[in-house]
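The values are calculated or read from the model by the stated rules, or taken from the named source; none is laboratory data. Owing to the predicted nature of the structure, the values given are computational and were not obtained by experimental measurement. Here the Cβ positions follow ideal geometry from the backbone for every residue, glycine too, while neighbour counts run over all protein chains shown. Please note that ligands, DNA and RNA were not included when accessible areas were found on the heavy atoms of the full protein model with its side chains. Shrake-Rupley method; radii C 1.70, N 1.55, O 1.52, S 1.80 Å.
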Amino acid sequence: MLTRLTGDRAHAEEVAADVFHKLSRRPELLAAQEDLNAWVYRVATNAGLDALRMNARRRRREDAAGLHTNTASPPEALDAILREERRGRVRDVLESLKPRDAQLLLLRADGLAYRELARSLGVEPGSVGTMLARAEAEFERRFRARYGEDV
Amino acid sequence: MTNCWPEGVLRAYLDRELPPAEMRAVADHLAGCAECDALCAELAGRAARVFALIDELPAAGNAARLRPAPARTFSRWLWPGVAAALAAGLAIASFTLRRPEPPAPLAHNPAPVQRQPQAPEPVAPVAPAAVPAVARSAVSRVAPRRRPAAPSMDYFVALDDQPIDSGVIMRMAVQPGGAQADIIVDPQGRARAIRLVGTRQ
């Protein structure tokens with residue numbers, strides 16, 4: 001999940017290591033497995049979104065400096081550019097959402113059930129459907145506002 | 001529209017996350033309410049579009065979920081290591097217990113009363129039956145010390161989704177006097193999995 005969010009496996013591993021370092025300072029979480037999983041998911045998605053914001057700022061600086069080049073052959077290069085552009089748009093929209101909405105979408109995309117989502121985000125299981133519907137609507141609205149109707 | 005279900009319930013219905021009775025009730029309602037049916041279709045379409053976009057983000061192989069890591073992931077190095085350690089332990093134990101007593105004075109004292117007790121000692125450890133007996137007793141003395149007294153969770157949580165071919169398990173204290181964790185560190189020095197120790201009652 002962190003790799004999807006950051007787009008960089010090494011960076012995702014660094015973020016995961018930070019999360020487990022934080023976990024080492026929360027011994028009370030070690031007593032209950034379900035609380036532990038929920039805490040790890042919540043903190044990991046938060047850390048991943050933070051990393052995403054930092055990546056976006058760095059990317060903008062590097063784009064401004066013209067540091068990005070593509071060395072693939074022309075057809076592959078075009079596909080790669082388009083694919084990376086779409087991924088960048090998705091990350092940009094996720095980054096712009098409220099953290100809880102982005103967390104909800106990411107964790108749901110990662111396959112968590114409503115009960116696990118509720119535990120991870122500290123909400124009632126009965127409110128997950130409402131929150132999910134609103135987060136999806138907000139994601140789509142922002143995506144269309146930024147990039148047109150091409151959702 | 002007075003008995004219509006809220007949007008959140010319809011969204012949960014689409015994900016089959018409602019109790020069975022409520023699933024049936026919503027399905028019955030949708031069959032007779034065009035407005036809710038249209039809203040449900042709109043929610044389903046939006047969810048499909050949004051998650052199709054999010055799914056474009058590349059995952060590193062299969063999605064890494066917090067789950068018990070399969071034991072076979074590190075058995076390739078674990079069992080040869082255990083066998084080597086056991087063999088080394090047996091060798092050390094047999095070598096230590098085979099060391100003869102300091103030799104008694106030889107020809108200067110030919111009296112038979114001193115020679116008789118010394119004669120069997122160098123021979124006894126060499127007998128084939130003696131080595132396993134010594135090894136068993138040495139292992140049984142060592143084993144309780146190697147096993148931690150506190151119960152541990154018997155699985156590791158993978159920190160990524162790649163198989164762990166080899167690595168070293170390092171135990172770290174989480175808090176002085178508190179819980180501990182085992183961490184599998186691979187040959188590149190990266191933490192690959194964690195196991196909490198002493199957390200289960």
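Can you find, among A:41, A:96, A:114, the residue sitting farthest towards the positive end of the charge dipole of the range A:2-147, where Lys and Arg contribute +1 and Asp and Glu -1 at Cβ?
A:96
Share of Cα-Cα pairs in the range A:95-151 beyond 16 Å, in percent?
Summing the P(r) tail past 16 Å for the range A:95-151 gives 41 percent.
Just the accessible area for residue A:116, please: 1.4 Å probe, Å², rounded to the nearest 10?
60 Å²
Counting partner chain Cβ atoms within 10 Å of every residue's Cβ in A:104-113, what's the average? Each step should come with its number before you reach the end.
On the way: counts 0, 5, 2, 0, 5, 8, 5, 2, 2, 3.
Partner Cβ neighbours, averaged per residue: 3.
Roughly how big is the B-A contact, given as buried accessible area in Å² (both sides, 1.4 Å probe, nearest 100)?
3700 Å²
Test of understanding: what is the full-extension gain from residue A:35 to residue A:81, defined as 0.36 nm times their sequence separation minus their Cα-Cα distance?
Working: separation 46, 0.36 × 46 = 16.56 nm, distance 4.08 nm.
Length gained, residue A:35 through residue A:81: 12.5 nm.
Please report the carbon-and-sulfur percent of the accessible area for the range B:7-54; probe 1.4 Å, protein heavy atoms only, DNA, RNA and ligands left out.
55 percent
Magnitude of the Cβ-charge dipole of the range B:7-54, K/R +1 and D/E -1, about the Cα centre, nearest 20 debye? Please report the intermediate quantities before stating the final value.
Numbers: 5 positive and 8 negative charges, 41 e Å.
Using only the charged Cβ atoms, the result is roughly 200 debye.
Mind checking the mean number of beta-carbon atoms from other chains within 10 Å of the Cβ atoms in A:129-141?
Numbers: counts 14, 7, 2, 10, 13, 3, 1, 9, 6, 1, 6, 6, 1.
Across the residues of A:129-141, the mean count of other-chain Cβ atoms within 10 Å is 6.
Beta carbons within 10 angstrom, averaged per residue: use that to sort the peptides A:126-139, A:88-101, B:23-36, highest first.
With the highest mean Cβ count within 10 Å placed first, the list reads A:126-139, A:88-101, B:23-36.
Mind putting a number on the dipole of the range A:82-151 about its Cα centre? Charges go on the C-beta only, +1 for Lys and Arg and -1 for Asp and Glu, and I need it in Debye to the nearest 20.
80 debye
Which residue, chosen from B:30, B:13, B:51, occupies the Cα position most advanced towards the positive end of the dipole of the range B:7-54, where the dipole is computed from +1 (Lys, Arg) and -1 (Asp, Glu) charges on Cβ about the Cα centre?
B:51
Against the empirical 2.2 N^0.38 Å scaling, what ratio does the C-alpha Rg of the range A:2-147 come to?
Details: Rg = 17.3 Å, N = 146, 2.2 N^0.38 = 14.6 Å.
Normalised Rg, Cα atoms only: 1.18.
I want to make sure I understand the PRE zone here: with the label point 7 angstrom from the Cα of residue B:33 toward its beta carbon, which residues in the range A:121-137 have backbone N atoms less than 19 Å away?
The answer is A:126-134.
Hey, any idea what Rg/Rh is for the range B:7-54, computing Rh the Kirkwood way over Cα pairs? The partial results should precede the final answer.
Values: Rg = 11.1 Å, Rh = 11.1 Å.
Result for the range B:7-54 is an Rg/Rh of 1.00.
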